[in-house]
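Nothing in this text is a laboratory measurement; each read-out follows from the coordinates by a stated rule. This one's a predicted model, so the numbers in the text were calculated from it and none came from an experiment. Every residue, glycine among them, receives a Cβ derived from its backbone with ideal geometry; neighbour counts consider all protein chains shown.
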Amino acid sequence: MIVLEDYLILAAALFCLGLYCALVKKNVVGILMGIEIMLNAVNINLAAFNRFIAPQNLVGHLFVVFITVVAAAELSVGLAIVLSIYRYHKTSSADDLDWLKW
Amino acid sequence: MNLTIVLFYIISLIVLVSAVYVIFSTNIIHSALYLVLTFIGVACVFILLSADFLAVAQILIYVGAISVLLVFSVMLTIRGEDIQKTNPFNQYKFSSGLVVLIFFLFILRILLLSSFAPSNIAFPQNTVVGIANLMLNQYILPFEISGILLLVALVGAITLGKGINKPK
């Protein structure tokens, strides 16, 4: 019998893996991949809570739909920024993007 | 040994192992492909949670659009360097590993010590009707705002992708 805690442990592990990916990568697209993994972990969490604790209405699923929409919008704008930085500076490594540093 | 339990462990193993491969493969194309496998695994977790609309929406949006977008942007931002080294680690490899491990143990402790009261109400068979009822009656304002958000993101991405023509 799979209980709620199993899904929550899976979501927490996936979130921590996504966080590690976002903290540790040099390539900006790699960092964005980590952010997507974190958002998916949160989606699993919300769907699990909706299924086990509050199945009378589907607010959790609706929340997941909105998170997916916002993730898609944010990723498209983020990748457009990466492309436009690459077009001028010919680099996509986060270590080279240091013009705002002192 | 129930089939659902076996399937849950297999699918969660697939999800976690492919997320580990996303992190630890230094070839960014391999990383993107393992990310696609992670998304498919998450869709299977949604099916285990009786969230049929979410599973199909996950496959359509994440695997079908977002992964393709990631692979396109990877294709446009590598410069002919060695592709096996396009996704390296930065200098915080071990210290952030320690921080993330402590964070995970902290979440695990809170999770295992809290008692959730599962409810016995039957889950609806068709989740699309329930989501649509909520989305168009009670949550109509976030629905419309998310439409505007998508429009703004579309215009912004096109403007940034077009570039600026510098006056000669």
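Taking segment A:1-29 only, how many residues are among the hydrophobic types (A, V, I, L, M, F, W, C), assigned to a helix (DSSP H, G or I) and at the interface with chain B (Cβ under 7 Å from one of its Cβ atoms)?
Residues that pass the stated criteria total 14.
Considering B:Ile102, B:Ile121, which residue is out of contact with any helix residue (DSSP H, G or I) (no Cβ under 8 Å at 6 or more places or on another chain), within 8 Å of chain A (Cβ to nearest Cβ), over 26 Å from A:Val82 (Cβ atoms) and without any contact (Cβ under 8 Å) to a residue 24 or more places away in the chain?
Step by step, each of B:Ile102, B:Ile121 is checked, and only B:Ile121 is out of contact with any helix residue (DSSP H, G or I) (no Cβ under 8 Å at 6 or more places or on another chain), within 8 Å of chain A (Cβ to nearest Cβ), over 26 Å from A:Val82 (Cβ atoms) and without any contact (Cβ under 8 Å) to a residue 24 or more places away in the chain.
Go through (1) under 30 Å from A:Leu46 (Cα atoms); (2) touching a Lys or Arg at 6+ places or on another chain (Cβ under 9 Å); (3) surrounded by fewer than 15 Cβ atoms within 10 Å (Cβ to Cβ) and name the single condition B:Ala51 misses.
(3)
Residues to consider are A:Leu58, A:Leu46, A:Leu62, A:Leu75; find the one that is more than 7 Å from every other protein chain (Cβ to nearest Cβ) and among the aliphatic types (A, V, I, L, M).
Result: A:Leu46 is the single residue among A:Leu58, A:Leu46, A:Leu62, A:Leu75 that is more than 7 Å from every other protein chain (Cβ to nearest Cβ) and among the aliphatic types (A, V, I, L, M).
Can you pull out the residues in segment A:74-89 that are under 12 Å from the mean Cα position of the chain (by Cα) and crowded, with 18+ Cβ neighbours inside 10 Å?
Passing the criteria: only A:Leu75.
Go through (1) more than 7 Å from every other protein chain (Cβ to nearest Cβ); (2) closer than 20 Å to B:Val45 by Cα one by one and return the number of the condition A:Tyr88 breaks.
Unmet for A:Tyr88, out of (1) more than 7 Å from every other protein chain (Cβ to nearest Cβ); (2) closer than 20 Å to B:Val45 by Cα: (2).
Got a number for residues in segment B:113-144 being loosely packed, with under 11 Cβ neighbours inside 10 Å and in a helix (DSSP H, G or I)?
Adding up the residues that qualify gives 5.
From (1) under 17 Å from the mean Cα position of the chain (by Cα); (2) at the interface with chain A (Cβ under 7 Å from one of its Cβ atoms); (3) of a type in the set (A, V, I, L, M), pick out the condition that doesn't hold for B:Val74.
(1)
Those residues that are within 9 Å of chain A (Cβ to nearest Cβ), surrounded by fewer than 17 Cβ atoms within 10 Å (Cβ to Cβ) and in contact (Cβ under 8 Å) with a residue 40 or more places away in the chain, I need them from segment B:8-46; list them, please.
none
Considering segment B:76-112 alone, what residues qualify as being of a type in the set (D, E, K, R) and surrounded by 12 or more Cβ atoms within 10 Å (Cβ to Cβ)?
Within segment B:76-112, B:Lys93 is the sole residue that qualifies.
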